[in-house]
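Here is the structure we will look at, set down as structure tokens.
The values are calculated or read from the model by the stated rules, or taken from the named source; none is laboratory data. These figures come from a predicted structure and were not determined experimentally. As a convention, Cβ positions derive from the backbone with ideal geometry for all residues, glycine included, and neighbour counts pool all protein chains shown.
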Amino acid sequence: MKVKTLLCINVFVLCLSSCGVSMEKSTPETQKLLSNLQLMSSRGIMFGHHDDTVYGIGWEGDEGRSDVKSVCGDYPAVISFDLGEIELGKDENLDKVSFDKIRKEIINQYERGGMVSLSWHARNPLTGGDAWDISDTTVVRSILPGGSRHDKFINWMDCVATFLNSLKDPEGIKVPVLFRPWHEHTGSWFWWGEKLCSSADYKKLWRMTVESLKAKGVNNVLYAYSSSSNLQDSCQYLERYPGDDLIDVMGFDAYQADSLSFVKDMKSSLNILGEIGKKHNKMIAVTETGYESVPDAKWWTDTLLPLIKGFPLSYVLVWRNARERPTHYYAPYPGQVSAGNFVEFYNDSRTLFVSNVNLYE
Ligand code: BMA
């Protein structure tokens, strides 16, 4: 275990410089999270893993279990979960994890001092298809005010708000989370993607999302804007940016397929994101990444770490270790070919796991 970093924070001073409207009425714990994230990004890069504590390779639902912890002895500093299908009033999300379990794991991660990020692969509110249903280009338009599915969408936001408002620790303190909806929008594989709606409508979707959550009393959330990979330049990245008053974290999702182009695209995208983050005084993150099945035994120290180490990233998060798709995993597990190398990555002073952070003190 690495030495726990105790943080001394001054919420007042740190917060004023970069908080937008989204902080105005947020809870003290949410403000602490924001301040501590800012401090942390100068000390190291937090490691994250999607669905880390709910299932892994060869297991599901075991109390306290995590493939990452089984390999290095520590939980990730960031764990993400997905809210997909909460809008349908279902008990389980699109990947068959119950929302009660997700709530419990969010609280567990808060009690460890780590952070939770929530994505939302929302169903298509117009066609009834899934998030990947791009058969209609009027979906975003249909849910904006005046659109035929606006009321339906506001009901969906109610479901999200109810869940976010229900995140409370045993003392009744609302647990802060990072919410990352409408991601990978510079690609065109989700109904909110680039070719599926105008920039103006995409921005309106964001504003409506944040405003409707706030109207329902959601005050325990920071917001992340995260594009697809391969940033062209700051104009392209900011083309659909909804505004500094709404966003706390700026990032992108990028996966390795071919190693040469991954390294080249990541370097260039991180340079662009680094500049934008500085200019807008926002934290930056690689909100999703990974190399499916991690076939490269030294990927963690020889590819990922050299790419990210020179940037003031808040976190880098790898996608899920699917228990139902044999090759669909992004973190090591005991015996996996990159497990030993992951321990080296863990031991590097620039990476932060949950025992290195306390984001609420
Ligand atoms: C994708 C895949 C899918 C999953 C979705 C939402 O990247 O992992 O299997 O359903 O994310 O978690």
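The table for this structure:
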read-out: Qualifying position, being closer than 20 Å to residue 25 by Cα and of a type outside the set (A, V, I, L, M), among 165, 230; value: 165
read-out: Selection status of residue 275, in a loop (DSSP other than H, G, I, E, B) and either within 16 Å of the ligand (Cβ to nearest atom) or within 23 Å of residue 185 (Cβ to Cβ) (or both); value: no
read-out: Residues of the range 310-355 classified as under 19 Å from the mean Cα position of the chain (by Cα) and away from the ligand (no atom under 16 Å from the Cβ), total; value: 10
read-out: Residues within the range 278-315 that are at negative phi and in a strand (DSSP E or B), tallied; value: 11
read-out: Test: residue 68 is crowded, with 23+ Cβ neighbours inside 10 Å, in contact (Cβ under 8 Å) with a residue 12 or more places away in the chain, among the aliphatic types (A, V, I, L, M) and within 16 Å of the ligand (Cβ to nearest atom); value: no
read-out: Filtered residue count, the range 317-358, keeping only those that are in contact with a helix residue (DSSP H, G or I) (Cβ under 7 Å, 6 or more places away or on another chain) and either within 19 Å of residue 53 (Cα to Cα) or modelled with pLDDT under 95 (or both); value: 13
read-out: Unmet requirement for residue 166, which otherwise passes all of (1) surrounded by 15 or more Cβ atoms within 10 Å (Cβ to Cβ); (2) touching a residue at least 40 places away in the same chain (Cβ under 8 Å); (3) polar (S, T, N, Q); value: (1)
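Per-residue answers, yes or no, for (1) over 23 Å from residue 224 (Cβ atoms); (2) within 16 Å of the ligand (Cβ to nearest atom); (3) not hydroxyl-bearing (Ser, Thr, Tyr):
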| residue | (1), (2), (3) |
| --- | --- |
| 45 | no, no, yes |
| 59 | yes, no, yes |
| 85 | no, yes, yes |
| 112 | no, no, yes |
| 119 | no, yes, no |
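One line per residue, one yes/no per condition, for (1) under 29 Å from residue 305 (Cα atoms); (2) at pLDDT 95 or above; (3) in contact with a helix residue (DSSP H, G or I) (Cβ under 7 Å, 6 or more places away or on another chain):
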| site | (1), (2), (3) |
| --- | --- |
| 185 | yes, yes, yes |
| 198 | no, yes, no |
| 208 | no, yes, no |
| 223 | yes, yes, yes |
| 236 | yes, yes, no |
| 260 | yes, no, no |
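Per-residue answers, yes or no, for (1) under 30 Å from residue 65 (Cα atoms); (2) surrounded by fewer than 18 Cβ atoms within 10 Å (Cβ to Cβ); (3) modelled with pLDDT of 95 or more:
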{"residue": "83", "(1), (2), (3)": "yes, no, yes"}
{"residue": "88", "(1), (2), (3)": "yes, yes, yes"}
{"residue": "110", "(1), (2), (3)": "yes, no, yes"}
{"residue": "119", "(1), (2), (3)": "yes, no, yes"}
{"residue": "140", "(1), (2), (3)": "no, no, yes"}
{"residue": "145", "(1), (2), (3)": "no, yes, yes"}
{"residue": "157", "(1), (2), (3)": "no, no, yes"}
